[in-house]
């Protein structure tokens, strides 16, 4: 473990401003993640990154009414404790909400939270479709040029 004097000597050798400070990198990454004005995208994609949570959301999306936690746990073949942890992640992202009615706990999906994520994915798809169209036309031009050169060689 370094002491304060060691930190001070390192600061002097590195200069006053580090080119890749963690604060600068964090600001850059924050801009990248939140680009598009939807700060909840990170939480939504993070919550949906786990296949079990995706299965839970798909299962809940089939039912317009709140579903008992026990029924969801049975459908997913998992304990209530494990389901509770997955639902907590989904709840922090705003994808589901929990309620209690007497002794029963229910969970309800909020599919409208996915709308900004879908819009973002569509915009990315539009970009990449344009890139692929450009690549296709470039490859077509190369193939035509190659055919013409082969014809000229004969």
Can you find even one residue in the range 22-38 that is closer than 18 Å to residue 94 by Cβ, touching a helix residue (DSSP H, G or I) at 6+ places or on another chain (Cβ under 8 Å), part of a loop (DSSP other than H, G, I, E, B) and modelled with pLDDT under 55? yes
Report whether or not residue 107 is in contact with a helix residue (DSSP H, G or I) (Cβ under 6 Å, 6 or more places away or on another chain) and at pLDDT 95 or above. yes
Just need a number here: residues in the range 53-74 that are surrounded by 14 or more Cβ atoms within 10 Å (Cβ to Cβ), assigned to a helix (DSSP H, G or I) and touching a residue at least 24 places away in the same chain (Cβ under 8 Å). 6
For residue 133, only one of the following conditions fails: (1) closer than 24 Å to residue 41 by Cα; (2) modelled with pLDDT of 90 or more. What is its number? (1)
Selection from the range 97-115 of residues that are surrounded by 12 or more Cβ atoms within 10 Å (Cβ to Cβ) and either closer than 9 Å to residue 68 by Cβ or in contact with a strand residue (DSSP E or B) (Cβ under 8 Å, 6 or more places away or on another chain) (or both): 97, 98, 104, 105, 106, 107, 108, 109, 110
Qualifying residues in the range 120-146 (those that are under 30 Å from residue 55 (Cα atoms) and without any contact (Cβ under 8 Å) to a residue 60 or more places away in the chain) - the one nearest to the chain's Cα centre (by Cα): 121
Since residue 106 meets every condition but one in (1) under 25 Å from residue 40 (Cα atoms); (2) assigned to a helix (DSSP H, G or I), which condition does it not meet? (2)
All but one of (1) modelled with pLDDT under 90; (2) part of a strand (DSSP E or B) hold for residue 127; state the number of the condition that does not hold. (2)
Which count do you get for residues in the range 75-96 that are surrounded by 18 or more Cβ atoms within 10 Å (Cβ to Cβ) and not in a helix (DSSP H, G or I)? 3
Looking at residue 115, is it within 27 Å of residue 76 (Cα to Cα) and in a strand (DSSP E or B)? no
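The values are calculated or read from the model by the stated rules, or taken from the named source; none is laboratory data. Since the model is a prediction, treat every value here as computed from it, not as a measurement. No Cβ is skipped: glycine too gets one built from the backbone with ideal geometry, and neighbour counts run over all protein chains shown.
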